[in-house]
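Enquirer: Below are the structure tokens for one structure; questions will follow.
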Amino acid sequence: MSEEKARAQAMRFQDTKAIMDVLDIAYDEGIKTFMCTTHERIAEVCDIVREKPERYADFQFYPCMPYAHKYANAMTDYGMMGAIKRFMPDEGFLDAALRGGMSLARKDIEGITTLLIDAEMKMFQGLKTPVIFLQNVVVDLLLGLGFKEAFAIFADHVKKRYNAEPGFITMNLPKLLDVLDELGIENPIVCSNINKIGFRVSGGVEAYEDALRNRKFRAIAMSVFASGAIPPKEAIDWVCEQPNIESIVFGASSRGNIRSTRQLVQDNWKDAAA
């Protein structure tokens, strides 16, 4: 909720070492999954993790795609063909280009979509990515447009090519669940805002509570602190009492906050299970 804090963090994390320092703290505290966009800086993080397999033996990424600014910046810096070459999968630029070209000629959305997924996943080659997410910017746009088939294309490609589970991030959980049910995507992994005060909970708190009680899906709660509006203990107490939440994603950049959040979740989830 603080623009000043956001600017300060953006400056701090221009240095990849600063990112790794936070990830090392989290890893040593027992948090070994990093949910991230496909920002170009993450490619540098991936390189470091690949270089130290013993240090990061249990480390896994949850990539969230697409990161639109990356494409716009690359077009500016390298031109159209340079940008395409920069993001194509290693298995062969020609194959990828032909696939994209034929897709455009046939207006084959499936081919274009899978090509873009492969481009986004290039940086994670050789690393553990058990769940791959479609970002809420795209998910909610597709929901609004009624282009439901795109979710099935994404899910099928992620499963077949990367042996991973598809995940979906949304700001409208009830509406997305209806569409995924219609498509036959069973027990989906869905990440959405779930917090005590209904911060950015589109569709209404009651609809979310009903979904958590009665719908079959695997919920990941994000924005549990409502961007700092809810005190940590109060926020975690409430989230851990809700049914059907399998995990929580949170942002933190200091050892103290990482440790205290991990401890709050650990203590409360134990109590909730009991």
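The values are calculated or read from the model by the stated rules, or taken from the named source; none is laboratory data. Please read these numbers as outputs of a predicted model, since none were measured by experiment. Neighbour counts are summed over all protein chains in view; Cβ atoms, including those assigned to glycine, are modelled from backbone coordinates with ideal geometry. Areas reflect the complete protein model, heavy atoms only, side chains present, ligands, DNA and RNA absent. Shrake-Rupley method; radii C 1.70, N 1.55, O 1.52, S 1.80 Å.
Enquirer: Which residues, taken from the stretch 141-183, are among the charged types (D, E, K, R) and either touching a residue at least 60 places away in the same chain (Cβ under 8 Å) or in a loop (DSSP other than H, G, I, E, B) (or both)?
Expert: Within the stretch 141-183, LYS148 is the sole residue that qualifies.
Enquirer: Only one of (1) on the phi < 0 side of the Ramachandran plot; (2) touching a residue at least 24 places away in the same chain (Cβ under 8 Å) is not met by ARG200, so which one is it?
Expert: Failing condition for ARG200: (1).
Enquirer: Cβ-Cβ under 9 Å, sequence separation 6+ or interchain: first residue in the stretch 238-265 and closer than 17 Å to VAL190 by Cα, partner assigned to a loop (DSSP other than H, G, I, E, B) and of a type in the set (Val, Ile, Thr). Which pairs?
Expert: VAL239/ILE194; VAL239/VAL224; GLN242/ILE194; ILE245/ILE194; ILE248/ILE194; ILE248/VAL224; VAL249/VAL224; PHE250/VAL224
Enquirer: Just wondering, is there one or more residues in the stretch 228-236 that are over 26 Å from GLY167 (Cα atoms), hydrophobic (A, V, I, L, M, F, W, C) and in a loop (DSSP other than H, G, I, E, B)?
Expert: Yes, because at least one residue in the stretch 228-236 is over 26 Å from GLY167 (Cα atoms), hydrophobic (A, V, I, L, M, F, W, C) and in a loop (DSSP other than H, G, I, E, B).
Enquirer: With the requirement that a residue be free of Cβ contacts under 8 Å to residues at least 24 places away in the same chain, assigned to a loop (DSSP other than H, G, I, E, B) and hydrophobic (A, V, I, L, M, F, W, C), what does the stretch 39-79 give you?
Expert: ALA57
Enquirer: I would also like to ask the following. Would it be correct to say that ASP267 is out of contact with any helix residue (DSSP H, G or I) (no Cβ under 8 Å at 6 or more places or on another chain), open to solvent by less than 70 Å² (accessible area, probe 1.4 Å), part of a helix (DSSP H, G or I) and of a type in the set (D, E, K, R)?
Expert: Numbers: out of contact with any helix residue (DSSP H, G or I) (no Cβ under 8 Å at 6 or more places or on another chain): yes; open to solvent by less than 70 Å² (accessible area, probe 1.4 Å): yes; part of a helix (DSSP H, G or I): yes; of a type in the set (D, E, K, R): yes.
The answer is yes for ASP267.
Enquirer: So which residues in the stretch 10-38 are loosely packed, with under 14 Cβ neighbours inside 10 Å, assigned to a helix (DSSP H, G or I) and in contact (Cβ under 8 Å) with a residue 60 or more places away in the chain?
Expert: Within the stretch 10-38, ARG12 is the sole residue that qualifies.
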